[in-house]
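Structure, as structure tokens:
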Amino acid sequence: MELTRDSTWMLLVVGVVLCFLAPQGECIKCYECNSEYDPRCADPFDSYSIGEVDCDLKPKLDHLNHLNATLCRKMAQKVNGKHRTVRSCGYLPAEDNKLGCILRSGTYEVHVQYCACQGDLCNEGARAAPAAPLAVVAAAAAGLAARRLL
């Protein structure tokens, strides 16, 4: 079977898309810190010299039935006017299985923003969001570049 110019281009685009969307394995690396003990953990976050953790190497948690971490978390909380930021590995997604941020408020002036993301060291930013839209844009750009080369 001889590949035509169009079928070659299509194979290239499909290959690039699959590379971006294929799971990269179970292990994930996240930043792990607490601004209560290390002020560099707070926003604005400077990841230089903050601990990176391979979540698979952490001890398994009994109360989570020994699940492996599959995401990273960033929690920004304000309790009675005191701010704290905690970055860590995450084991369970939000209730609706969506990534991104959830804002919760409670009594005694408790305000918490929970953010979850997938991808190594994704819990560094003020926002934590999935990288899938970026993968689609990159795949489209690769496809256009390949078409011009063929």
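Quote the FRET efficiency, to the nearest 0.05, computed for Ser49 versus Gln77 with a Förster distance R0 of 35 Å and r equal to the Cβ-Cβ distance.
The pair Ser49/Gln77 has a calculated efficiency of 0.90.
Among Cys117, Cys101, what's the order by accessible area (1.4 angstrom probe), most exposed first?
Per-residue accessible area, sorted high to low, gives Cys101, Cys117.
Taking 0.36 nm per residue of sequence separation and subtracting the Cα-Cα distance, how much length would be gained by fully extending the chain between Asn68 and Leu92, in nm to one decimal?
Taking 0.36 nm per residue and subtracting the Cα distance, the gain is 7.7 nm.
The values are calculated or read from the model by the stated rules, or taken from the named source; none is laboratory data. If you're wondering where the values come from, they're calculated on a predicted model, not measured in any experiment. When we count neighbours, we look across all protein chains shown, and the Cβ atoms used for this are built from the backbone with ideal geometry, even at glycine. The accessibility values were calculated without ligands, DNA or RNA, using every heavy atom of the protein model including side chains. Shrake-Rupley method; radii C 1.70, N 1.55, O 1.52, S 1.80 Å.
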